[in-house]
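Asker: Here it is, the structure in full.
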Amino acid sequence: MWIAINRHIQKRAALYLFTAVLLMTGTAFGALAVNSMMPVQKSELYSYVKEFFTQASAGNVAKPLDLFWESVTHNIKFTGAMWIAGISVIGLPLIFVLLFLKGAVTGFSVGFLIQQMKWDGLLIALCTILPQNMILIPAFLFTAVMSASCSIRLVQKLTVKQTVPLPVAKSIMTYMGYMGAVLIAILIAAFIEAFISSQMMNVLLNKFF
């Protein structure tokens with residue numbers, strides 16, 4: 001298994017490097033965007049965040065099962081958008097834009113918590129954002145790389161005269177199988193977010209609020 005994974009990464013090393021750098025760039029952009037906010041904007045946003053935390057510490061939030069399905073739905077929509085972009089000829093830029101935006105949102109969330117709550121915010125981010133993202137980020141990178149590979153192959157099929165026919169249909173079928181593996185990763189990450197991270201958040205919020 002590990003040999004197959006290693007071969008897969010080596011075969012697409014350039015795309016993995018590009019998408020990883022793009023995601024990190026988006027994360028850094030999101031974190032830096034916190035500093036560009038006006039003090040009034042930061043105060044208003046933090047008041048909303050604090051109100052949410054207060055409600056969460058009182059138990060007035062969605063139940064774990066509802067959080068689970070909400071997470072599954074959100075991440076399927078995100079990866080599904082990249083998947084659809086991958087089987088379209090003009091979808092390649094959209095894949096990279098979506099990945100950048102995902103990094104920006106994550107970076108902004110973590111950056112805002114740290115700036116407003118210092119070490120407490122870092123602890124909340126580590127316990128409530130990091131666990132599921134340890135699975136989701138590799139899944140997103142994998143989806144972006146496979147989607148980009150599929151889109152590039154389609155472009156080659158249409159624009160480049162090949163001496164050897166490209167097995168586009170076979171590639172698309174394999175691509176769909178890979179997306180099944182991503183779905184399993186999303187389900188695992190959603191379980192962690194709903195039943196583990198949310199409980200850890202409740203413990204921390206009861207301490208801080």
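Read-outs: derived from the displayed coordinates by stated rules, not from any lab. What you see is a predicted model; the values in this text were computed from it and never measured. Counting neighbours? That spans all protein chains shown, and the Cβs are built from the backbone with ideal geometry, glycine included.
Asker: Between residue 17 and residue 126, with labels modelled 7 Å along Cα→Cβ, what's the label distance in nm to one decimal, could you check?
Answerer: 3.2 nm
Asker: Follow-up. Give the order of 120, 66 when sorted by the count of other beta carbons within 10 angstrom, beginning with the fewest.
Answerer: Fewest-to-most Cβ neighbours within 10 Å comes out as 66, 120.
Asker: Using +1 on the beta carbon of Lys and Arg, -1 on that of Asp and Glu, and nothing else charged, what's the dipole of the chain about the Cα centre, debye to 20?
Answerer: 800 debye
Asker: Against the longest alpha carbon principal axis of the chain, how many degrees, from 0 to 90 and to the nearest 10, is the axis of helix 198-208 turned?
Answerer: So the helix axis and the longest Cα principal axis differ by about 30 degrees.
Asker: Here is a further query. Please report 84, 95 as a ranked list, fewest other C-beta atoms within 10 angstrom at the top and most at the bottom.
Answerer: 84, 95
Asker: A further question follows. Tell me which of 95, 174, 124 sits at the most positive position along the dipole axis of the range 2-208, charges placed on C-beta atoms (Lys, Arg +1; Asp, Glu -1).
Answerer: Of the candidates, 174 comes out farthest on the positive side.
Asker: How far is helix 130-159 tilted, in degrees, relative to the longest principal axis of the Cα atoms in the chain, given as a value from 0 to 90 rounded to the nearest 10?
Answerer: Roughly 30 degrees between the two axes.
Asker: Right, here's the next one. Could you line up 88, 71, 43 from fewest to most neighbouring Cβ atoms inside 10 Å?
Answerer: 43, 88, 71
Asker: Say the cut-off is 18 Å between C-alpha atoms; which of 42/77; 102/157; 77/102 go over it?
Answerer: 42/77; 102/157
Asker: Could you give P(r) for the range 58-158, binned at 5 Å from zero, as whole percent values over all Cα-Cα pairs?
Answerer: Calculated over all Cα pairs of the range 58-158, the distribution is 2, 12, 17, 18, 17, 13, 9, 6, 3, 2, 0, 0 percent.
Asker: Is any residue of the range 66-87 close enough, with backbone N under 16 Å, to a label point placed 7 angstrom from the Cα of residue 176 along the Cα-Cβ axis, and if so, which?
Answerer: Residues 80, 83-87 qualify, since their backbone N sits under 16 Å from the label point.
Asker: Along its principal axes, what span do the Cα atoms of the range 2-208 show, with the longest given first and each in whole Å?
Answerer: Extents along the principal axes, in whole Å: 66, 36, 28.
Asker: Moving on. Residues of the range 174-209 with amide nitrogen under 19 Å from the 7 Å Cα-to-Cβ point of residue 63?
Answerer: Flagged as within label range: 190-200, 202.
Asker: Calculate how steeply helix 168-192 sits against the longest principal axis of the alpha-carbon atoms of the chain, using the helix alpha-carbon long axis, and give the answer as 0 to 90 degrees to the nearest 10.
Answerer: Tilt relative to the chain: about 20 degrees.
Asker: Also, quick follow-up: Using a simple spin-label model with points 7 Å from Cα along the Cα→Cβ vector, what separation in nm is obtained for residue 183 and residue 101?
Answerer: Each label point is offset 7 Å from its Cα along the Cβ direction, giving 2.4 nm.
Asker: In deg cm²/dmol, rounded to 500, what helix-only [θ] at 222 nm does the chain give when every DSSP H run of at least 4 residues adds -39500 (n - 2.57) and the total is split over its residues?
Answerer: -29500 deg cm²/dmol
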